[in-house]
Structure formats: C-alpha cells, structure tokens
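Student: Just dropping this structure here.
The values are calculated or read from the model by the stated rules, or taken from the named source; none is laboratory data. Bear in mind the structure is a predicted one, so any value in this text is a computation, not a measurement. For neighbour counting, all protein chains shown are included, and Cβ atoms are generated from backbone atoms with ideal geometry for every residue, glycine included.
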Amino acid sequence: MKCVDDFRLRFGKRELVPIVVGGMGVDISTSTLALEAARLGGIGHLSDAMVKTVSDRRYETNFVSGKLKRYKFNVASSDKSAVLFDLNRLAEATHNHVGRTMEAKRGTGMVFVNCMEKLTMNAPRETLRVRLSAALDAGIDGITLSAGLHLGSFALIADHPRFRDAKLGIIVSSLRALQLFLRKNARLGRLPDYIIVEGPLAGGHLGFGIEDWAKYDLRTIVTEILQYLHAENLDIPLIPAGGIFTGSDAVFYLEIGAAAVQVATRFTATRECGLPDRIKQEYFKASEEDIVVNMISPTGYPMRMLKSSPAIGAGTRPNCEAYGYLLDSSGNCAYIAAYNREVAAHPGSKKISVMDKTCLCTAMRNFDCWTCGHNTYRLKDTTRRLPDGTYQLLGAEHVFRDYQFSTDQKIALPPLPGPAGKE
Ligand SMILES: Cc1cc2nc3c(=O)[nH]c(=O)nc-3n(C[C@H](O)[C@H](O)[C@H](O)COP(=O)(O)O)c2cc1C
C-alpha cells in the first residue's frame, strides 16, 4: 500500500516531499509553521495579508500606528479614498517578514508566500506590484497567487530579475479560471511553475458561488484540469487542495497524476499555528453543524468559518486608517456601506450589530473570524482529550509526518504529553 512518501514533487532537478502547507492569513500560517514544513522537505507558506500588522506583532515595528497617526483626521469620514498605503513602508514590512523567515530557513524544502489579489489596498496594481517585488527581493522561494484571477499579476513583476527563477504559481477553482490566466499571460512566455486546484471544502475564501459551492467537488475539477493539461502538452505540476485530511486522501490524488497536495486545516491544531491556543480549542470542539459558509467577507467571496466567530454580527467601526487592506481602487469597502446603514438605522445607539458584512481587517487582526476548512469537525479525532477536558495540541512535525507516512486512512495520535512524550 502506497504512502505519500513514495512520491516526490519535482521542480526541474529539485525533489521535495509532495506536501504543501497552504497559506493562512493573517499570520495563521506563521513563519514558524512554514519553516517546519521546509525543514521536513516540503513546502510551507507565509501569507502577506496585513503584513504590516504581522511585522509589528512579530518584529516590534510600528507600521500600523504610523499609518493611523497619518490618517487620524479621516477616521470619522466614510470617504476613505485618501487613505493610501505608503509603498516604501509596505515594501519594508514585506521585506521584514519574508527576509527574516528566509534567513531562518533550514532543510531541503521551500518557503512560498501566499498573495491574495482581493487585498486591493486602495491602489490594487501598485500595492500588488510592491508586495510581489518585495517578496522576491527578500529571497522568497516562490509566490502563490490567490483570491483572484490574477490576470495582470505576472506582468507586474515581468521586469524583476527573479521573475524566471522564483517559483510562481496560481490557485484556481475551475478550468475556466486557469484557461483565462494562461491566455492572458501567454505573451510573457512564462508558464506558472505549479497550479493549485482548490475545491469547495477549503478554509478561507472560496472560489465558488454561495449558492452552488456544494455542487462542486475537488476530484472532478482536478480530473478535468489534468485532462486539459495533458491534451495541451503542458507539463505543469498540479496540486489539489481542500478537504485532503489523511495521507490516504493525498495518495488518491498523487496516484491520478497530481504532483503534490496542499493542506491546511490539520495544521490549525498545531502549536506552530498562529491562532491563539484558546481558539485552537474552539476548532477542536466544533461539530459539523458549527461550521458555516457565509457572505460576511467584504471581498464578495463566500468564506467558511465557525458559526461562533465573534466577527459575525460585530458592529466594529471601520478601521481603514490603521488597516484598509480591502479598500478598492476608489476607497470603498462593502463593510463601510453596511456599517453606515446600521448607524443610520439606529440613531443614538452606542452599540450596533452588522450581520451581513464584517470588518474583516479588524476581525482577522484580532483573530475574531474563525475561518476554517470543512473538515475542522474531524480535528478532535486527530488528538487526545486531556484530563482537564481540553484537547492536546499537536506538533507540526507530527502532522506533516502523519500525512507523509500513514496508510489505510489512519491518523496517528500524538505522543502522550508530559516528560515521557515529546509532544
Ligand atoms: C484557517 C485558514 C485560513 C486560510 N487562509 C487562506 C488565505 O489567507 N489565503 C488562501 O489563499 N488560502 C487560505 N486558506 C486555504 C488553504 O491555504 C488551503 O488551500 C486549504 O484550506 C486546504 O484545504 P484543507 O484546509 O481542507 O486542508 C486558509 C485555510 C484555513 C484553514
């Protein structure tokens, strides 16, 4: 019986363990988690979402307070068009996060960064160019383009000296999205180095409609894209993602022609994951009914999360002067309109609730939006219950190796906690 370790992800002459730990913003896939995946011979992801906040928290910089100070005059205004990112500071923060991680990298694996196009940051093209270029400057091994079609993203960095040497990949949820991307980028003479195909069971935002996401399944989309690549003679590694919970699930995809798998949910239960420990316990406790796909993200994409997320219904005053990552090119965000509507409907009220949208920047900054994969309700089966009723956190190495070596749909429990066990 085969296990994941019987396969290798090949980039030219380079061989990796075919396990990719997916990007989880904001700082849920931490530098520590990404470095573990790389140390173990696979690929780990940073996320550059709200990178200034991440840099402040991790490296004691003060990017966020600096931005807020500069735009404080605008806090009461609902017109956020003036609230622009300082591109030099954005580059600095990205360089900080990526550069320090790359300096700490050990082992034979790689560290990539996940860049979401939907972080439009009040100047989509300019900010994305800076994010991508700064990550390349700081030595990132690869960039995964996500949350958007990214039709112009390669062109933004086509002049960068590392454009052809860094690994560049894209996340798609349909053949159509992939075809569009390939068509748009044909003139650059550079194919993506890998394609991540994300199905509807993934965590974070989904690349499907709210009405019909449940009608799709990863196996069908992967098969369709594999056939297309074969027919077009395109030798690009394909990496399925979304709902791959065991080593055997992964082997299924590797046997039908996938080059690796991307996984995330099981790593949310690890010590290396950036979620506060009390929230990891919420993930463990969740049952299937506690998980919902809703439209509260101002991006317009459906998002999966625990129903008990404090972000749902919170009436936070928009914090665009400090954050502002979801402002579109005219300085609008769907949350601002929803918030203003509720304020107008409840004059004089001190606390308001906004049900249809959330201030996602604030919520992600505070770990109040408990986004998760569909299989989160199975996390409790991957560990032990401790005498105090809590669940034992796992080591990223344990989870990685379980994916790598397990067979028969088995999931290895972690070593017992305490002096005897490493965990
Ligand atoms: C908590 C969490 C946060 C995520 N955040 C992002 C993100 O910021 N950007 C992104 O492209 N994908 C994000 N994802 C998707 C993962 O990178 C990955 O593709 C997917 O969740 C894999 O499926 P699995 O969780 O069932 O293993 C997130 C997933 C989780 C569980």
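Student: Please enumerate the residues belonging to the range 244-271 that are within 9 Å of the ligand (Cβ to nearest atom), within 19 Å of GLY25 (Cα to Cα), in contact with a strand residue (DSSP E or B) (Cβ under 9 Å, 6 or more places away or on another chain) and not aliphatic (A, V, I, L, M).
Tutor: If the condition is that a residue be within 9 Å of the ligand (Cβ to nearest atom), within 19 Å of GLY25 (Cα to Cα), in contact with a strand residue (DSSP E or B) (Cβ under 9 Å, 6 or more places away or on another chain) and not aliphatic (A, V, I, L, M), then GLN262, ARG266, PHE267 are the ones that fit.
Student: Please identify the pairs in which a residue from the range 315-329 that is closer than 11 Å to VAL64 by Cα has its Cβ atom under 8 Å from the Cβ atom of a residue that is of a type in the set (Val, Ile, Thr) and assigned to a loop (DSSP other than H, G, I, E, B), counting only partners at least 6 apart or on another chain.
Tutor: If the second residue must be of a type in the set (Val, Ile, Thr) and assigned to a loop (DSSP other than H, G, I, E, B), the pairs left are CYS320/VAL83; GLU321/VAL75; GLU321/VAL83; GLY324/VAL83.
Student: Follow-up. For the range 360-370: of the residues being free of Cβ contacts under 8 Å to residues at least 60 places away in the same chain and not charged (D, E, K, R), which is nearest to the ligand (Cβ to nearest atom)?
Tutor: Per the criteria, the residue is ALA363.
Student: For the range 182-213: of the residues being hydrophobic (A, V, I, L, M, F, W, C) and within 15 Å of the ligand (Cβ to nearest atom), which is farthest from TYR301 (Cα to Cα)?
Tutor: Result: ILE195.
Student: Further question on the same structure: With the structure loaded, tell me whether ASP56 is within 16 Å of the ligand (Cβ to nearest atom), in contact with a Ser or Thr (Cβ under 9 Å, 6 or more places away or on another chain) and either assigned to a loop (DSSP other than H, G, I, E, B) or within 24 Å of ASP137 (Cα to Cα) (or both) or whether it fails that test.
Tutor: Spelling it out, it is not the case that ASP56 is within 16 Å of the ligand (Cβ to nearest atom), in contact with a Ser or Thr (Cβ under 9 Å, 6 or more places away or on another chain) and either assigned to a loop (DSSP other than H, G, I, E, B) or within 24 Å of ASP137 (Cα to Cα) (or both).
Student: For residues that are over 17 Å from the mean Cα position of the chain (by Cα), outside any helix (DSSP H, G or I) and farther than 19 Å from VAL98 by Cα, tally how many sit in the range 147-163.
Tutor: The qualifying residues number 4.
Student: I need every pair where a residue in the range 371-396 that is closer than 12 Å to GLY243 by Cα has its Cβ under 6 Å from the Cβ of a residue that is surrounded by fewer than 18 Cβ atoms within 10 Å (Cβ to Cβ) and at pLDDT 95 or above, sequence separation at least 6 or different chains.
Tutor: TYR377/SER287; TYR377/GLU288
Student: Since ARG106 meets every condition but one in (1) surrounded by fewer than 16 Cβ atoms within 10 Å (Cβ to Cβ); (2) in a loop (DSSP other than H, G, I, E, B); (3) out of contact with any helix residue (DSSP H, G or I) (no Cβ under 7 Å at 6 or more places or on another chain), which condition does it not meet?
Tutor: Against the list (1) surrounded by fewer than 16 Cβ atoms within 10 Å (Cβ to Cβ); (2) in a loop (DSSP other than H, G, I, E, B); (3) out of contact with any helix residue (DSSP H, G or I) (no Cβ under 7 Å at 6 or more places or on another chain), ARG106 comes up short only on (3).
Student: Could you tell me which of the residues THR127, THR144 is hydroxyl-bearing (Ser, Thr, Tyr), within 15 Å of the ligand (Cβ to nearest atom) and either closer than 22 Å to CYS361 by Cα or in a loop (DSSP other than H, G, I, E, B) (or both)?
Tutor: Result of the check over THR127, THR144: THR144.
For every residue, the table says whether it meets (1) within 16 Å of the ligand (Cβ to nearest atom); (2) at pLDDT below 95; (3) in a loop (DSSP other than H, G, I, E, B); (4) of a type in the set (Asp, Glu).
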position: LYS351; (1), (2), (3), (4): no, yes, yes, no
position: THR358; (1), (2), (3), (4): yes, no, yes, no
position: ASP381; (1), (2), (3), (4): yes, no, no, yes
position: PHE400; (1), (2), (3), (4): yes, no, no, no
position: GLN404; (1), (2), (3), (4): yes, no, no, no
position: ASP408; (1), (2), (3), (4): no, no, yes, yes
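Student: Can you find a residue that is of a type in the set (Gly, Ala, Ser) and on the phi > 0 side of the Ramachandran plot anywhere in the range 151-167?
Tutor: No - not one qualifying residue is present in the range 151-167.
Student: What is the residue count in the range 280-293 for residues that are surrounded by fewer than 18 Cβ atoms within 10 Å (Cβ to Cβ) and either of a type in the set (Val, Ile, Thr) or not in a helix (DSSP H, G or I) (or both)?
Tutor: Summing the residues that are surrounded by fewer than 18 Cβ atoms within 10 Å (Cβ to Cβ) and either of a type in the set (Val, Ile, Thr) or not in a helix (DSSP H, G or I) (or both) in the range 280-293 gives 3.
Student: Do you know which residues across the range 58-114 are closer than 30 Å to LEU9 by Cβ and β-branched (Val, Ile, Thr)?
Tutor: Selection gives THR94, VAL98, THR101, THR108, VAL111, VAL113.
Student: Does the range 43-50 contain at least one residue that is hydroxyl-bearing (Ser, Thr, Tyr) and within 17 Å of LEU119 (Cβ to Cβ)?
Tutor: Within the range 43-50, one or more residues are hydroxyl-bearing (Ser, Thr, Tyr) and within 17 Å of LEU119 (Cβ to Cβ).
Student: Still on this structure: Kindly indicate which of ALA286, ALA231 is of a type in the set (Gly, Ala, Ser), in contact with a Ser or Thr (Cβ under 6 Å, 6 or more places away or on another chain) and modelled with pLDDT of 95 or more.
Tutor: On inspection, the qualifying residue turns out to be ALA286.
Student: Right, next: If VAL83 satisfies every condition in (1) crowded, with 17+ Cβ neighbours inside 10 Å; (2) touching a residue at least 40 places away in the same chain (Cβ under 8 Å); (3) not in a loop (DSSP other than H, G, I, E, B) but one, which is the exception?
Tutor: The single condition VAL83 does not satisfy is (3).
Student: Continuing with this model, one more query. For the structure I just gave you, tell me whether PHE11 is modelled with pLDDT of 95 or more and under 23 Å from ASP368 (Cα atoms).
Tutor: No; evaluated as a whole, the condition is false for this residue.
Student: Here is a follow-up. Of all residues in the range 283-301, count the ones that are in contact with a strand residue (DSSP E or B) (Cβ under 6 Å, 6 or more places away or on another chain) and more than 25 Å from SER146 (Cα to Cα).
Tutor: Summing the residues that are in contact with a strand residue (DSSP E or B) (Cβ under 6 Å, 6 or more places away or on another chain) and more than 25 Å from SER146 (Cα to Cα) in the range 283-301 gives 3.
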